[in-house]
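Asker: Next up is a structure, given as structure tokens.
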């Protein structure tokens, strides 16, 4: 017996639950807008039952208290990502890029904090301040340089801000 992959299992469960409850599901519809809370719970239960029966692929072992949460997250994931379930829209993540720093200084300071070697609040605060300052330096270095054509500004703004910019550049 071959196991169903998780993406297909979610798609089939959503389609079955909607159609079982009198709805009409067409591939490419926005299932998140069609499915009720009760129907979503039925989808999650279908997945949990499939995991327990071994008919849906599952590489990690979950206890009963966590498998339902895993299945719920799986449903949310594929309702967003599967074009057959999300109205045909291409998935774009809401957050891009890594939240982890690759800067060696930040890594070393975070490792120092995590090691437990620094326990006094003042020392911890000092390290956190250094981390924040270093992160600000990195952001500033990545920020594109913008040049302003002060000659194109109205004369009153040119006089006011050209002097301020000249002072801050020193």
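No lab work stands behind these numbers, since they all come straight from the coordinates. No experiment lies behind these values; they were computed from the predicted model shown. Reconstructed Cβ throughout: ideal geometry from the backbone, glycine too, with neighbour counts over all protein chains shown.
Asker: What is the angle, in °, between the Cα long axis of helix 121-142 and the longest principal axis of the Cα atoms in the chain? Nearest 10 is fine, range 0 to 90.
Answerer: So the inclination is approximately 90 degrees.
Asker: Which residue, 111, 69, 31, has the most motion in a Gaussian network model of the chain that connects Cα atoms within less than 10 Å?
Answerer: 111
Asker: Calculate how steeply helix 6-20 sits against the longest principal axis of the alpha-carbon atoms of the chain, using the helix alpha-carbon long axis, and give the answer as 0 to 90 degrees to the nearest 10.
Answerer: 60
Asker: Still on this model: Percent relative contact order of the chain, based on C-alpha pairs within less than 8 angstrom and at least six residues apart?
Answerer: With pairs under 8 Å counted, the relative contact order is 21 percent.
Asker: What is the fewest-to-most order of 118, 44 by other Cβ atoms lying within 10 Å of their Cβ? Working shown, then result.
Answerer: Details: 118 16, 44 22.
Exposure proxy ranking, most exposed first: 118, 44.
Asker: Would you kindly state how much longer the chain becomes between residue 49 and residue 19 on full extension, computed as 0.36 nm times their sequence separation minus their alpha carbon distance, in nm to one decimal?
Answerer: Taking residue 49 through residue 19 to full extension adds about 8.9 nm, to one decimal.
Asker: Using a Gaussian network model on the chain with a 10 Å cutoff between Cα atoms, which of 134, 80, 40 fluctuates the most?
Answerer: Answer for the Gaussian network model of the chain: 134.
Asker: When only C-alpha pairs under 8 Å and at least 6 residues apart count, what is the relative contact order of the stretch 6-81, in percent?
Answerer: After rounding, I find 41 percent.
Asker: Let me ask something else about it. What angle do you read, to the nearest 10 degrees and between 0 and 90, between the alpha-carbon axis of helix 64-81 and the longest principal axis of the chain?
Answerer: The answer is roughly 70 degrees.
Asker: Mind jotting down the distance between the C-alpha centroids of the stretch 1-77 and the stretch 130-161, whole Å?
Answerer: 51
Asker: Once you have a ≥ b ≥ c as the square roots of the Cα gyration tensor eigenvalues for the stretch 6-81, tell me rounded if a/c is under 1.5, and otherwise prolate or oblate according to whether a/b is larger than b/c.
Answerer: prolate
Asker: Another one. Per DSSP H run of n ≥ 4, the term is -39500 (n - 2.57); total these for the chain, divide by its residue number, and report the mean residue ellipticity at 222 nm rounded to 500 deg cm²/dmol.
Answerer: Working: 7 runs with 103 residues, N = 170.
Mean residue ellipticity at 222 nm (helix-derived): -20000 deg cm²/dmol.
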